[in-house]
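**Student:** Dumping the structure here so I can ask a few things about it.
What follows draws every value from the coordinates through simple rules; no lab data is involved. Since the structure is predicted, the reported quantities are computational estimates derived from the model, not experimental observations. We place every Cβ from the backbone using ideal geometry, glycine too, and count neighbours over all the protein chains shown.
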Amino acid sequence: MINEEQFKTPLFDAMVALAESRKVSFHTPGHKSGKGISTRFRKFVGPNIFSIDLTTLDEVDSLQKPRGVIKESQELAAHAYGADRSFFLLNGTTGGNHAMMLATCHPNDQVLIARNAHKSVLAGLIFSGARPIFFSPAVDKDLKLTLNVTVADTCAAIDANPAAKTLILTTPNYYGITADLEAIIPYAHKKGLMVLVDEAHGPHLSFHPKLPISAMQAGADLSVQSTHKIIGGMTQASMLHAQGGRIDMTALATAIRFIQSTSPSYILMASLDLARMQMATEGEKLLEKTIKLAKEARSRINRIPGLFCFGRDTLKKQYPSEGGGFDVTKLTISVRDLGLSGYRASRILNNDYHIQVEMADPLNILVIISIGDRRDDINRLMEALREMSKEYHGTRSPKPLSPEVGLPPFGKPTWITPREAYFKKHESVPFEETSGAVCAEIITVYPPGIPLLIPGEIVTTEVIDYIRQMDRLGATIDGLDSSGNRLSVVKRQGHITPDQT
Ligand SMILES: Cc1ncc(COP(=O)(O)O)c(C=O)c1O
C-alpha cells in the first residue's frame, strides 16, 4: 500500500512556487534566474532550469540548517527508506562516505574494511586518522569475477580483531553481487561493531521484493546510496541514511555539514525529492518492468554464440553457502569467447554501434538496465551483440585468462596509518623503482576499482607487475602521476618492515 504522504514533494513545490512568484533577486546566483546566463547555454537547456537554480532563502530552506521544506523532504526520504534520518548529499556517495567515517571513526580506531572499497572510503581513512584492517572479497575462479565478502570471512575478521569498532562493507558491488547482510550485521552488532555500508549501487533495492535486501532493511547503522547512479537523482545527488542507537546523530549531522558546500544546488536537491517520490509511489511497478527487461536481455544474450551473462542461478552454484543476493538489473557480459577483451568490445560498441556501456574489464562489459531503459534500447544492444558475435566468434581464439583471474595483489600493511603516511614528506619516484617504499597515494585500477595500494602500505614487485599488465590491457590506472610513470611515496628515512601481525 502506497503511503499518501509519499506523493508530496515539498522542496520541489516550494522551488517552483518561488520561481513563479518572480520576486526580484539581488542575491546569488549571479545569473539571476538565467538573465545573465550565456545565450548558448539557455538556448540548449531552455529557461526553466535557471529559474529554479536558487540559493538558501526562507521559502526554500537551508541544507546546512534544515527547518522547513528541506527538513520535510529529508523526513519523507527517511520514511521511504526505513531510516530514522536521511540526509541529502550533493557530492555524491563520495561525500557521504567521508562524512560517515568522520562521524564514527576516531584517530587510531581500528576499522574493518572489505577491500573492495571505493577510494572515497580510503580518503575517509586519511580524513579520520582511523587504522584500517582489510579483508578480501571472495573470487569466482570460473566466472573470473570478484564476488563480495563471505559471511565466514567477515565473521573471522571480526573475531580476529576484537578491538575493531566499525565494519565497512561495499554492497552491492559493481556487478550487482551483494554480501549477506542479514547474516553479517547481527553478528557484527553482537560483537559491538557499528556497520557502515557503501551502498552506492543500491538506491533502488528497497523498492522491489525481487531485489536483494537493502542495508537499512538488514539493520545497518549507516548506508550511503548514489541516487544518481541507478534511479532518478541527477549526477552528484546521493543520500545518507541512519538508524538505531549506535550512531551519534549530532556528530553525523555536523560531519555532513562540514563536507557539504554552503551553496548547495537546489536543482540536485529537487532531483532527490522527486526521485524519492517516484520510487515510493511507483517504484515497484517501474522496477518490475526493469527486472523483466533485464531478464529477457540476459536470456537473449545467452543465446548469442560466444557470449555469456551470468545470472542468479550461476551465482548460486558458485557461491552456494551465501545468502547474499544478486541485483539482476546488472548484466555482466563475458566477451572472452569472441577473443576480445572487455575494453575492446566496449570500444567497438561505442564507435561502430553508438552504444555506451557502464564499464569494461579484461573479460567483460557491464550493462546497467534501469527504469530509464526501453525495449528499443535493449533491441539495439542485442542487434549489435549479434553482429559482433558473427564477426568475431570462431575467428579468434578466446582471451587467455591470466593475469586477471583471482584477486589482484595488494600492498603490504605497516603500522603507519593512511593519515600519517599522507602527512609525511613525500617524493615522486619512477614507478618501477618503488618496490619496498611506503606508498603515499591511493592506487586503484578501474575497473573494478579495488584499491591495490593505499597510503601507508609497502609497494611490492607483484603490485607493480600487475598494474603494468593491466595498463597494457587498457585498464585505467588511478593514482600515478599524470605521465603514468611516477608514484608519490613516503620519503625514506630508514627501513620499514611489513606488519606481520
Ligand atoms: C562502490 C562505490 N562507492 C562510492 C562511489 C562514489 O559515488 P559517487 O560517484 O556518487 O560519489 C562509487 C562510484 O562509482 C562506487 O562505485
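**Student:** Applying a 10 Å radius around every beta-carbon, put 277-286, 37-46 in order of their mean neighbour count, most first.
**Tutor:** 277-286, 37-46
**Student:** What spacing in nm lies between the two simple spin-label points modelled at Glu358 and Glu383, each 7 Å away from Cα in the Cβ direction?
**Tutor:** Between Glu358 and Glu383, the label points sit 2.4 nm apart.
**Student:** Continuing with this model, one more query. Once you keep just the Cα pairs under 8 angstrom separated by 6 or more residues, what percentage relative contact order results for the range 121-203?
**Tutor:** About 26 percent, as a whole number.
**Student:** Which helices, counted as full DSSP H runs in the chain, have an axial Cα extent of no less than 20 Å and a Kyte-Doolittle average of -0.5 or above?
**Tutor:** 266-301
**Student:** Follow-up question, since we're still on this one. Over the range 61-262, what portion of Cα pair distances is larger than 29 Å, expressed as a whole percent?
**Tutor:** Summing the P(r) tail past 29 Å for the range 61-262 gives 17 percent.
**Student:** Another one. At a 10 angstrom cut-off on C-beta neighbours, averaged per residue, how do the peptides 199-206, 473-480 rank from highest to lowest?
**Tutor:** By packing density, highest mean first, the sequence is 199-206, 473-480.
**Student:** Calculated from DSSP H runs of 4 or more alone, at -39500 (n - 2.57) each and per residue, what is the 222 nm mean residue ellipticity of the chain, nearest 500?
**Tutor:** The helix-only estimate for the chain comes to -11500 deg cm²/dmol at 222 nm.
**Student:** Beyond 19 Å, what share of the Cα-Cα pairs of the range 158-276 remains, rounded to the nearest whole percent?
**Tutor:** When all Cα pairs of the range 158-276 are counted, 51 percent exceed 19 Å.
**Student:** Can you say what percent of the DSSP beta bridges in the chain, counting only those with both residues inside, are antiparallel? Round to 5.
**Tutor:** Counting DSSP beta bridges with both partners in the chain, the antiparallel share is about 70 percent.
**Student:** About the Cα centre of the range 61-262, what is the dipole size in debye to 20, counting +1 per Lys and Arg Cβ and -1 per Asp and Glu Cβ, all else neutral?
**Tutor:** 320 debye
**Student:** Pop a pseudo-label 7 angstrom from the Cα along the beta-carbon direction at both Lys425 and Arg375 and give the gap in nm to one decimal.
**Tutor:** Rounded to a tenth, the inter-label distance reads 6.9 nm.
**Student:** Oh, and also: What Kirkwood hydrodynamic radius, in Å, does the range 418-490 give when the mean of 1/r is taken over all pairs of distinct Cα atoms and then inverted?
**Tutor:** 12.0 Å
**Student:** Evaluate the Kirkwood expression for the hydrodynamic radius of the range 452-494, namely the inverse of the mean inverse distance over all pairs of different C-alpha atoms, and round to one decimal in Å.
**Tutor:** Result for the range 452-494, one decimal place: 11.5 Å.
**Student:** log₁₀ I(q)/I(0) of the range 135-197 at q = 0.23 Å⁻¹, via Debye over equal Cα point scatterers, no solvent, to two decimals?
**Tutor:** Those come out to -0.93, one per q.
**Student:** A further question follows. I'd like the FRET efficiency for Ala163 and Arg42, computed as 1/(1 + (r/R0)^6) with the beta carbon distance as r and R0 of 41 Å, rounded to 0.05.
**Tutor:** That gives a FRET efficiency of 0.10.
**Student:** If Rh is defined by the Kirkwood formula over all Cα pairs and Rg also comes from Cα, what ratio Rg/Rh do you get for the chain?
**Tutor:** Reported Rg/Rh (Cα atoms, Kirkwood Rh): 0.97.
**Student:** Go through the range 378-483 and name the trypsin sites (Lys or Arg not before Pro) that are in a DSSP coil and have 11 or fewer other Cβ atoms within 10 Å of their Cβ.
**Tutor:** Filter output for the range 378-483: Lys425.
**Student:** Shifting gears a bit: What is the Cα coordinate range of the range 284-392 on the first, second and third principal axes, sorted by size from largest, in whole angstrom?
**Tutor:** Between the extreme Cα coordinates on each principal axis of the range 284-392 lie 38, 31, 22 Å.
**Student:** In the chain, if the dipole is taken from +1 on Lys/Arg beta carbons and -1 on Asp/Glu beta carbons about the Cα centre, which of Gly82, Thr28, Ser206 is farthest to the positive end?
**Tutor:** Comparing the listed Cα positions along the dipole, Thr28 ranks first.
**Student:** I've got another one for you. Can you compute log10 of I(q)/I(0) for the range 207-259 with the Debye formula, treating each Cα as one identical point scatterer, at q = 0.18, 0.24 Å⁻¹?
**Tutor:** Listed by q, the Debye log ratios stand at -0.73, -1.04.
**Student:** Beta carbons within 10 angstrom, averaged per residue: use that to sort the peptides 148-159, 175-186, highest first.
**Tutor:** 175-186, 148-159
**Student:** About the Cα centre of the range 210-349, how large is the charge dipole given +1 on each Lys and Arg Cβ and -1 on each Asp and Glu Cβ? Please answer in debye to the nearest 20.
**Tutor:** Its charge dipole is roughly 660 debye.
**Student:** Turning to a different aspect of this structure: Rg and Dmax of the range 56-176, Cα atoms, in Å?
**Tutor:** That works out to 17.6, 58 Å for Rg and Dmax.
**Student:** Set the bar at 30 Å for Cα to Cα. Now go through Lys141/Lys191; Lys165/Lys330; Lys141/Lys295; Lys8/Lys119; Lys316/Lys412 and name every pair that lies beyond it.
**Tutor:** With Cα atoms farther than 30 Å apart: Lys141/Lys191; Lys165/Lys330; Lys8/Lys119; Lys316/Lys412.
**Student:** Projected area of the range 1-95, taken from the Cα convex hull and averaged over every viewing direction, in nm²?
**Tutor:** Answer in nm², one decimal: 8.2.
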